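Notes follow the structure.
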Amino acid sequence: MEIESLFPEIKEIKNIDLLNKVAKSLEKAIQQGGWSTQDLHKIPFTLLIPDLVNEDLTVKISIIDHIRAVTQMCLATYERYEMLGLGDKLNRDELIAGGLLHDIGKFIEYEKDETGHIIQTAEGKYIRHPAMGLELVYEYDLPLIVRQAIVFHSKEGDKIPRLKEVEIIHRCDFLCFAPIKQIFEENK
Ligand SMILES: [Fe+2]
């Protein structure tokens, strides 16, 4: 599995040790979920927008598209912070790593049923991808920002003080969900 071709944004991480850990984490998640490269592009980024899935089971916005868009939005936000003279207040490498890994648990929260439809696993329903993701990457000793991005990017983190970078990831993630949901609902 070529992680760099699936997620070209990973090359933006300058710390090679962190880059390797991010690649290994993604590889492990995809392998553990049992997804082939072809399958990966047929995983919708959320199950809350049913119209993302076409009749032939191809999808309009896949989990890969979403992770890449969120990471690119994080990078764009970082550039705006640089423009404001605040770039050095953010950890760029860990922001990118957090963007790439925030939804890593979705690769095991979802599964393909006998008909080819993507559904939530039983465990996914009760533990959800943030906690499943954190469990999945435990062996890589990832930085605090990246671990918090995985476990608290979502509503689970609403009562937890989010680190600056995680605040950005959380908001970019939401930007890549709520307006999209509205667009699909309008088009019904
Ligand atoms: Fe996400």
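Every read-out reported here was derived from the displayed coordinates using simple, explicitly stated rules and does not represent laboratory data. Being a predicted model, the structure only gives us computed values, none of them experimental. Please note: Cβ atoms are built from the backbone with ideal geometry, for glycine as well, and neighbour counts cover all protein chains shown.
Couple of notes before you dig in:
- Averaging 1/r across all pairs of distinct Cα atoms in region 1-42 and inverting the result yields a Kirkwood radius of 10.8 Å.
- Cβ-Cβ distance of residue 119 and residue 17, R₀ of 30 Å, FRET efficiency by 1/(1 + (r/R0)^6): the value works out to about 0.25.
- With the highest mean first, a sort of the peptides 10-17, 67-74 on other beta-carbon atoms found within 10 angstrom per residue produces 67-74, 10-17.
- Cleavage-rule hits (GluC sites (Glu not before Pro)) in region 68-175: DSSP loop, at most 11 neighbouring Cβ within 10 angstrom: 114
- Only Lys, Arg (+1) and Asp, Glu (-1) charged, at Cβ; the chain dipole about Cα centre in debye: 460
- Residue-span extension gain [residue 80 to residue 159] - 0.36 nm each, minus C-alpha spacing: 25.7 nm
- Kyte-Doolittle at least -1.0, axis length at least 18 Å by Cα - qualifying DSSP helices, the chain: 16-33, 63-83
- 10 Å binning of all Cα-Cα separations within the chain, expressed as whole percents from 0 upward: 9, 38, 38, 13, 2, 0
- CD proxy at 222 nm, helix term only [per DSSP H run n ≥ 4: -39500 (n - 2.57); per residue of the chain; nearest 500]: -17000 deg cm²/dmol
- Restriction of the trypsin sites (Lys or Arg not before Pro) in region 98-173 to DSSP coil positions whose beta-carbon has at most 10 other beta-carbons within 10 angstrom yields 159.
- Given +1 at the Cβ of Lys and Arg, -1 at the Cβ of Asp and Glu and no other charges, the dipole of region 139-188 around its Cα centre is 180 debye to the nearest 20.
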